[in-house]
Amino acid sequence: MFKREVLRQLESWKADSSRKPLVLRGPRQVGKTTVVNEFGKLFDNYLYYNLEREADRKVLEMPIPLHGLMEILFVRKGSIRKAGTTLLFIDEIQNSPKVISLLRYFYEELPEIYVIAAGSLLENLVDVQTSFPVGRVEYMAMHPCSFKEFLGALDREDLIFFINHPEMACACHQELMALFNQYAIVGGMPEIVQHYANHRDVLAMDKKYEALLQSYRDDVEKYVRGKKLADVVRFILSYGWANAGQTVTLGRFSGSDYNAREVGEAFRLLNKAMILELVYPTTTPNVPIMPEIKRMPKLIWFDTGLVNYAAGVRKEVIGSMDIMDAWRGHIAEHVVAQELLCLNDKVAQERFFWMKGSGGGSAEVDFVWQVDSVLVPIEVKSGINAHLRSLHSFIELSVSDIAVRVWSGEYGVNELVTPHKGKRFKLINLPFYMLGNLEQIVRDVKRS
């Protein structure tokens, strides 16, 4: 299996003397168990308990002091405890509220034991009066593979040098764009990426895409209480993919008969599962970002490859010379949203787009992203600078003097002046494949 970036984050957690038990969040099938199993090789002792197994759950629920419980955990796995570090991985922890409560005692009584917990729809346990110990655990999000990880899976890590050195990237621009187009088609689900790396055949992966989608549909029966809510969630998982990257209304979503309250509740549940996000607009051009939740949001799913397959647009994307032209530009915008989410490991990371407030005409910017204390507008758009009217509008209202245009062209920086107020700003022309370095590039350009 190829190396995931989250392993570096886990290593940093391991080195932190003030660490707390870690709750690893992420949608099903994103590779949490595989990554932690690999991480476990860095420890002298590694214990894996999966609470979907009744025997594992009963052991951890035993009412005995933690020191004694640790000894039993080794015995039940047939392991001899060695001197040195110990990692305990508790998978599918949502199956035991008792074990969730136990996490705080590891922090208080056995801080020398490294503990990672993972599971699905963890926050849904709040509905049954169970919550994670506040202040006694920390969180880390795990997302589908980024483009850089995709390159690693394809044994093309040599190209990351050019991504990290924008001024030299022109030497490999066409090759990098071709590979990014492949990434936009395949997506970032680890099993899918690995299969593509081994066989390089997109159309041969239908069974794997379908199995992933079915696994999410099966989860509905596990976690949704109430037939009506289950029906709405199932409808979204079946038909909502066709609305990816587009603004949506909750009432009668996608032609259904469900009302806004029912659809909103289903979306909130799927958002908890990190399967999708309703990306709301903001009308402020500066921090702090305040979402306009009464306006129509954009629907962004967690993986663009699954969108291509489930929405039935994959052949169109494959046949496009430029992903900017595929599916009215929705795939290009969607994959940008996915790469933005991969920029950090925050569980509560939200994405926003910008709309001009009332008065003075209309303007909309595809995304805004906070870099340090400034909001940076991001447009996913080809064409000449004069057509970026919404970016100009944002810059004139903002304290920012940096804007980003994501496109299929080469990297470059233009010094521009807004047409109305004459405000000077720098426009970063950012190739899709450099999105993973967005924040560093913005900082470098700002200093230059």
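The values are calculated or read from the model by the stated rules, or taken from the named source; none is laboratory data. Just so you know, these numbers come straight off a predicted model, no measurement behind them. A quick note on method: Cβ atoms are made from the backbone with ideal geometry, for glycine too, and the neighbour counts reach across all protein chains shown. Heads up: the accessible areas ignore ligands, DNA and RNA and are worked out on the full protein's heavy atoms, side chains in. Shrake-Rupley method; radii C 1.70, N 1.55, O 1.52, S 1.80 Å.
Data table
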quantity: Residue, surrounded by the most Cβ atoms within 10 Å (Cβ to Cβ), within segment 398-423, restricted to residues that are under 20 Å from LYS356 (Cα atoms) and in contact with a strand residue (DSSP E or B) (Cβ under 6 Å, 6 or more places away or on another chain); calculated: VAL404
quantity: Criterion violated by SER79 - all others in (1) modelled with pLDDT under 95; (2) open to solvent by less than 20 Å² (accessible area, probe 1.4 Å) satisfied; calculated: (2)
quantity: From the options ARG314, ARG328, residue that is farther than 21 Å from PHE150 by Cβ and open to solvent by 10 Å² or more (accessible area, probe 1.4 Å); calculated: ARG328
quantity: Residue within segment 371-383 that is assigned to a helix (DSSP H, G or I), open to solvent by 10 Å² or more (accessible area, probe 1.4 Å) and within 25 Å of ASN164 (Cα to Cα) present; calculated: no
quantity: Filter result (open to solvent by 10 Å² or more (accessible area, probe 1.4 Å) and assigned to a loop (DSSP other than H, G, I, E, B)) within segment 294-311; calculated: LYS294, ARG295, MET296, PHE302, ALA311
quantity: Members of segment 161-201 that are surrounded by 20 or more Cβ atoms within 10 Å (Cβ to Cβ) and among the hydrophobic types (A, V, I, L, M, F, W, C); calculated: PHE162, ILE163, LEU176, PHE180, ALA184, ILE185, VAL186, MET189, ILE192, VAL193
quantity: All positions within segment 322-363 that are farther than 19 Å from PRO297 by Cβ and of a type in the set (Val, Ile, Thr); calculated: ILE323, VAL347
quantity: Every residue from segment 207-233 that is in contact with a helix residue (DSSP H, G or I) (Cβ under 7 Å, 6 or more places away or on another chain), of a type outside the set (Phe, Trp, Tyr) and under 13 Å from TYR309 (Cβ atoms); calculated: LYS208, LEU212, LEU213
quantity: For SER120: the one exception among (1) closer than 24 Å to TYR411 by Cβ; (2) in a loop (DSSP other than H, G, I, E, B); (3) touching a Lys or Arg at 6+ places or on another chain (Cβ under 8 Å); (4) among the small types (Gly, Ala, Ser); calculated: (1)
quantity: Count - residues of segment 39-65 that are under 36 Å from the mean Cα position of the chain (by Cα) and either exposed (fewer than 14 other Cβ atoms within 10 Å of the Cβ) or farther than 23 Å from TRP13 by Cβ (or both); calculated: 12
quantity: Verdict on GLY240 being in a loop (DSSP other than H, G, I, E, B) and small (Gly, Ala, Ser); calculated: no
quantity: Identity of the residue in segment 82-93, of a type outside the set (S, T, N, Q) and part of a loop (DSSP other than H, G, I, E, B), that ends up nearest to the chain's Cα centre (by Cα); calculated: GLU92
quantity: Subset of segment 228-276 (residues that are open to solvent by less than 40 Å² (accessible area, probe 1.4 Å), out of contact with any Pro (no Cβ under 8 Å at 6 or more places or on another chain) and among the small types (Gly, Ala, Ser)); calculated: ALA230, GLY240, ALA244, GLY245, GLY251, SER256, GLY264, ALA266
quantity: Segment 277-293 - residue that is among the hydroxyl-bearing types (Ser, Thr, Tyr) and touching a Phe, Trp or Tyr at 6+ places or on another chain (Cβ under 7 Å) and, of those, least open to solvent (accessible area, probe 1.4 Å); calculated: THR282
quantity: Test: residue in segment 348-355 that is at pLDDT below 95, open to solvent by 30 Å² or more (accessible area, probe 1.4 Å), under 26 Å from the mean Cα position of the chain (by Cα) and of a type outside the set (Ser, Thr, Tyr); calculated: yes
